[in-house]
Amino acid sequence: MNSNTKAVLNTDNLPTYGLLINGEWVRGAGPVLTVLDKYRLSPCAKLTTPDDGQLLMTVDAAHAAFRAGAPVAYERGLILERAVQILDSRAKEFVHAMQLEAGFTQSDAQGEVRRCLQTLRLSAEEARRLAGEVIPLAGAPAAAGRMGFTIRVPLGVVLAVTPFNSPLNTVMHKVAPAFAAGNAVILKPSSNTPMTACLLAEVLLEAGMPKGFLSVLHGSGEMVRQLQADHRVRFFAFTGSTEVGRVIQQAAGLRRTQMELGSIACTILCDDANLEAALPKVVNAGYRKAGQVCTSVQLLLVHETLRQDVERRLAEMVQALSYGDPGDPQTFVGPVISEGNAIRIESWIEEAVARGAKRLAGGARQGSVVPPTLLTQISDDMKVGCQEIFGPVVCIVPFKTLAEAIARVNATPYGLATGVFTNRLNDALAAAQQLEVGGVHINETSSSRVDLMPYGGSKDSGFGREGPRYAVHEMTEERIVTITTL
């Protein structure tokens, strides 16, 4: 391999991104892929992919690094802290990359950077506080003279497969806790958004990430299947669709996984909801990142006594949202990830309208841009009501009782998160106990997330938890150590 510290190998025409193997950027020997500017739908970069030999070299290097041993916990924390400073100094590069390849608005891209910095800081803390517990063996029969304690040890090589809709912070939620725990990581970012991941890898290398502890590979699901066939890969962290998650889970066998999958996210407005506080949060949660967040509000369940007021006020708010070019600082809703997805989203909207739904806000698709859309009078069997739309569309669904609203949420196959706006303690606690989801947020939307909290779902939304403290525990195993005094 030729030594190379930058991910971009060629800028003669379009920047061409390589693979990170054993601490060096190299050109992939497999097919070359094209990355599109998601707003202009024109090529903005090229991407090289590995051949079978490079896949084997990657696992060899990661496994050898793990076997040689990670830096001690204090040093791992220092590396992650140095990455905070370097990433912060390069924030504009990251924002520009996400505006191009993800179609993020300036606000959405800047939010990714801010959250990523926090995730790094939290992971640095967790590297230093990872510990087991003392086991009171003396309390057991015939155990006098014995003491015991547990330690948490890294699993080995972690394969992180990350999505397009959070190309920086979700990547960091997998890479940083894995390294904090002492694992080596092979990162497979979305081929739609590889540039941000490569920039992040540059930052971590500059911060002192040892060779082999971070690899970056670009490619398809077939490449993931090949990596899964190598049993030196011990843990699989995946964020993406439920369908792909099932395939990865089945191939994992007895090896451990963390799955953050699909969702039809709901937020409930009870009859005592504070609409002045709730509706701006609903707009932000429904339309930021063009609705392409697993917890974006898709179904807004509104008590029937509030329906007319909510429809009127939300329609005005959504109609006022600016949409289009993510390079314009005033744009609130940018493009979705591809024109194909925009066409699909538009077709679901038109199907709903043709079957009797009323469009309170929205309009004609413009390339990959779907105008922020608000629907009412939908039925449960419309695609917008029973499948994950993953676009800037919110549907208002009335209910009579809280029990009815909870049943509607639980009727979906998913269970990631739900927001509930109420000031009645009994209703809040009932929702917390009865909703079949990974997170219940009282007086916040389904999309409420703080990076230090446990994040994950149930049912078809997956299992396992992100959040540095929780992810570190997912990516380690507990080992019991006993000592007998003779």
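The values are calculated or read from the model by the stated rules, or taken from the named source; none is laboratory data. As the structure is a computational prediction, the values presented were derived from the model and not from experiment. Reconstructed Cβ throughout: ideal geometry from the backbone, glycine too, with neighbour counts over all protein chains shown. Accessible surface areas use protein heavy atoms only, side chains included; no ligands, DNA or RNA. Shrake-Rupley method; radii C 1.70, N 1.55, O 1.52, S 1.80 Å.
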Seminar exercise, completed: Among residues of segment 453-470 being in contact with a helix residue (DSSP H, G or I) (Cβ under 7 Å, 6 or more places away or on another chain) and more than 20 Å from residue 262 (Cβ to Cβ), the residue surrounded by the most Cβ atoms within 10 Å (Cβ to Cβ) is 468
For this session: Considering each residue of segment 449-486, count those that are touching a His at 6+ places or on another chain (Cβ under 9 Å) and either β-branched (Val, Ile, Thr) or farther than 21 Å from residue 123 by Cβ (or both), and give that number.
Result: 0
For this session: Search segment 280-299 for residues that are under 14 Å from residue 396 (Cβ atoms) and free of Cβ contacts under 8 Å to residues at least 60 places away in the same chain and pair each with any residue that is in a helix (DSSP H, G or I) and open to solvent by 20 Å² or more (accessible area, probe 1.4 Å) when their beta-carbon atoms are under 6 Å apart and the residues are at least 6 apart or on different chains.
Result: 283/317
Exercise. Which pairs do you get when a residue that is over 14 Å from residue 262 (Cα atoms) and in contact (Cβ under 8 Å) with a residue 60 or more places away in the chain, found in segment 230-250, comes within reach of a residue that is of a type in the set (A, V, I, L, M, F, W, C) and open to solvent by 70 Å² or more (accessible area, probe 1.4 Å), reach meaning Cβ atoms under 8 angstrom, with the pair 6+ apart or on two chains?
Worked result: 230/56
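So, in segment 358-387, exactly how many residues are touching a Leu at 6+ places or on another chain (Cβ under 8 Å) and under 20 Å from residue 282 (Cα atoms)?
Our first condition is that a residue be touching a Leu at 6+ places or on another chain (Cβ under 8 Å); within segment 358-387, this holds for 358-362, 367-368, 372, 374-376, 384-385.
Now narrow it down to the ones that are under 20 Å from residue 282 (Cα atoms): 358-362, 372, 374-376, 384-385.
The number of residues fulfilling the criteria is 11.
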For this session: Answer yes or no as to whether residue 403 is open to solvent by less than 10 Å² (accessible area, probe 1.4 Å) and over 25 Å from residue 243 (Cβ atoms).
Result: no
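If you scan segment 260-275, which residues turn out to be more than 18 Å from residue 424 (Cβ to Cβ) and of a type in the set (D, E, K, R)?
Here is the first cut: in segment 260-275, the residues more than 18 Å from residue 424 (Cβ to Cβ) are 260-266.
Within segment 260-275, just 260 meets the criteria.
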Problem set entry | Every pair of residues 6+ apart whose Cβ atoms lie under 8 Å, when the first sits in segment 361-381 and is touching a residue at least 60 places away in the same chain (Cβ under 8 Å) while the second is of a type in the set (S, T, N, Q) | 368/338; 368/341
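With respect to residue 142, is the statement that it is open to solvent by 20 Å² or more (accessible area, probe 1.4 Å), within 30 Å of residue 114 (Cβ to Cβ) and in a loop (DSSP other than H, G, I, E, B) true?
Answer is no for this residue.
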For this session: For segment 407-452, enumerate the residues that are open to solvent by 40 Å² or more (accessible area, probe 1.4 Å) and either acidic (Asp, Glu) or under 16 Å from the mean Cα position of the chain (by Cα) (or both).
Result: 436, 444, 449, 450, 452
Seminar exercise, completed: The lone condition residue 386 fails out of (1) within 23 Å of the chain's Cα centre (by Cα); (2) buried (at least 20 other Cβ atoms within 10 Å of the Cβ) is (2)
